[in-house]
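Working notes for the structure below.
The values are calculated or read from the model by the stated rules, or taken from the named source; none is laboratory data. Predicted model, so just to flag it, every value in this text is computed and none were measured. In this analysis, Cβ positions are derived from the backbone assuming ideal geometry, glycine residues included, and neighbour counts consider all displayed protein chains. What goes into the accessible areas is simple: the full protein's heavy atoms, side chains included, and nothing from ligands, DNA or RNA. Shrake-Rupley method; radii C 1.70, N 1.55, O 1.52, S 1.80 Å.
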Amino acid sequence: MKRLRVLYLHFTGQFGGASRSLAECVQSFPEAAVEPLFLTQRGNVSAVFARLGEVIDTHGLTRFDHTRYSHYRGARWLVVLRELAFLPLTLRALRQAQKRWGTVDLIHLNEFSGLFALRLARLWFAAPAITHVRSVLEDDISLRRTRLLHRMLTNDVQGVIAIDENVRASLPPGLAVEVIHNGFTPTAPLAVEQRFADRLGGLRQESFKVGFVGNLLRVKGIRELIEAARLTRERGLDVEFIIVGADASPSGGVKAWLLRRLGLQQDMCLEVEAALDRHGLRDRVHLVGFTRDIAPVYRHMDVLAFPSHYDAPGRPIFEAAFSGVPSIVAVRTPRADTLIDGETGIAIKPHRADQLADAIESLANDRPRARRMGAAALAMATRNFDATANARRVLALYRRVVGQAGSQ
């Protein structure tokens, strides 16, 4: 079959779940099936994508955030000024991409928040498009911007991929959507890289170990995690916490100060460090930093905590599951494709550190139950999150969309 030239539009420079999932998908395609071309916001993702294909990166790409958690309201409307400032950079990057790469067979938008940039991209590339929807959409139909995005999802793309049933439920009922889970390729057992081995070497063998994977952001539930650590210590439980992630906002200066005052930027690393000292948690909460090779670290955990404010499951849940690790997830409506409450993990409400502490206590006091949940989570992950199988489904969608466009 013809090799497809696919232009990938990616809108965050920080390496995270969306970029990891895209990279996993692309590298899992059958050999010579896709020629990947990446247009991305500049950051450490550029080096990751460069191992897979050609990359053009730029300081900023315009997007419009309408997720349930972070849609624009109040002071967050000021973020639109940043997106408008990114518009010339977006146009220049698209022009550069068209000049370098010429034609493409398909445009793949890695998150629906880039739909406006996609419209611009199609001025340079007369190609069909698909979009991933990775975040739960704000579905208040009384908002004009909700209705506008629904129309764009219907008219501007020829394929929509939702990463799970929670995301699918936030999309219009009549929209043609294919649920294709993110993939993960578990590696053979490896030694943890030396710097992690040094940091994990002090863990007590008998303690119950709770993992957290993600950037140090308020939305990830890091405050709730630290409060749960305080509560478990107060209750006399032998629990240790492994936090794998980096500070997402280390910048300083007047601009950073103003953004923090407006609630548009966070300095959570300093806040976490202060809380550890204030509550005397240094001996049980271990900040081990960031790593791309995450699989070996999961093997040091008894349970993963995912207390995010998104009210949706995230990538670390099934990554942990491939190591037989169950999860405690902040999600009001768990769905059977990602979390079966009481079987593959435990569902709690978002923003509830007390419920997180209760769930940790229940598993720490019944470790055979935690291991049973881990085995069930592994079985679910094997069924739903196989990288090769899911990449083939994405490729089949590519070929269908390109074929339909060619027949018109």
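At a glance:
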item	result
Cα-based reach from residue 209 at 12 Å (exclusive), listing aspartates and glutamates while leaving out same-chain residues under 8 positions away	238, 240, 302, 361
In sequence order, calculated HN-Hα J values of the stretch 332-345 (Karplus, 6.51, -1.76, 1.60; Hz; x Gly/Pro)	6, 10, x, 10, 5, 7, 10, 8, 9, 4, x, 10, 9, x
Unit charges on C-beta of K, R, D, E only; dipole of the chain, Debye	1240 debye
Exposure of residue 64 as accessible area (Å², to 10), given a probe of 1.4 Å and all protein chains	40 Å²
Largest to smallest accessible area among 40, 62 [probe 1.4 Å]	62, 40
Low-density loop cleavage sites - trypsin sites (Lys or Arg not before Pro) in the stretch 40-117, where at most 15 other Cβ are within 10 Å (DSSP)	51, 73
Cleavage-rule hits, trypsin sites (Lys or Arg not before Pro), the stretch 280-311, DSSP coil, Cβ neighbours within 10 Å at most 15	282, 292, 299
Amide H within-cut-off set for residue 241, under 5 Å, with H built and near neighbours excluded	210, 285, 286
Dipole magnitude (debye, nearest 20) for the stretch 264-397, charges at Cβ of Lys, Arg, Asp, Glu	500 debye
Whole-Hz ³J(HN,Hα) from phi, Karplus 6.51 cos²θ - 1.76 cosθ + 1.60, for the stretch 229-244, glycine and proline x	4, 4, 5, 5, 5, 4, 7, x, 8, 8, 10, 10, 10, 10, 9, 10
When the convex hull of its Cα atoms is projected in every direction, mean area for the chain (nm²)	20.0 nm²
Average Cα contact separation per residue, the stretch 1-147, under 8 Å, 6 or more apart, as relative contact order %	27 percent
With every protein chain in place, the chain: carbon and sulfur % of accessible area (1.4 Å)	52 percent
Projected label distance in nm at residue 367 and residue 336, using a 7 Å step from Cα toward the beta-carbon	3.3 nm
Cut-off under 5 Å, modelled amide H: who pairs with residue 137 long-range	68, 170
Distance from the stretch 314-370 to the stretch 138-161 (C-alpha centre basis), Å	31 Å
Degrees, to the nearest 10: 353-364 long Cα axis against longest axis of the chain	70 degrees
Selection from 113, 94, 161 lying farthest towards where the dipole of the chain points positive, charges on Cβ	94
Residues whose placed amide H lies under 5 Å from that of residue 348, excluding near-sequence neighbours	329, 330, 331
Per-residue SASA entry for residue 46, accessible area with 1.4 Å probe, Å² rounded to 10	20 Å²
For the stretch 274-286, 3J(HN,Hα) per residue [Karplus equation, 6.51 cos²θ - 1.76 cosθ + 1.60, θ = phi - 60°, Hz, x = Gly/Pro]	5, 5, 4, 5, 4, 9, x, 10, 4, 7, 10, 10, 10
Solvent exposure ordering (accessible area, 1.4 Å, most first) of 165, 240	165, 240
Per-residue [θ]222 nm for the chain (sum of -39500 (n - 2.57) over DSSP H runs n ≥ 4, rounded to 500)	-12500 deg cm²/dmol
Accessible area per residue in Å² at 1.4 Å probe, computed on the stretch 1-160	43 Å²
Rounded accessible area per residue of the stretch 298-408, 1.4 Å, Å²	41 Å²
Normalised contact order of the chain, rounded percent, pairs of Cα under 8 Å and 6 or more residues apart	15 percent
Signed unit charges on C-beta, dipole axis of the chain, positive-most listed residue 150, 104, 336	104
Rounded to the nearest 10 Å², the accessible area of residue 52 at probe 1.4 Å	50 Å²
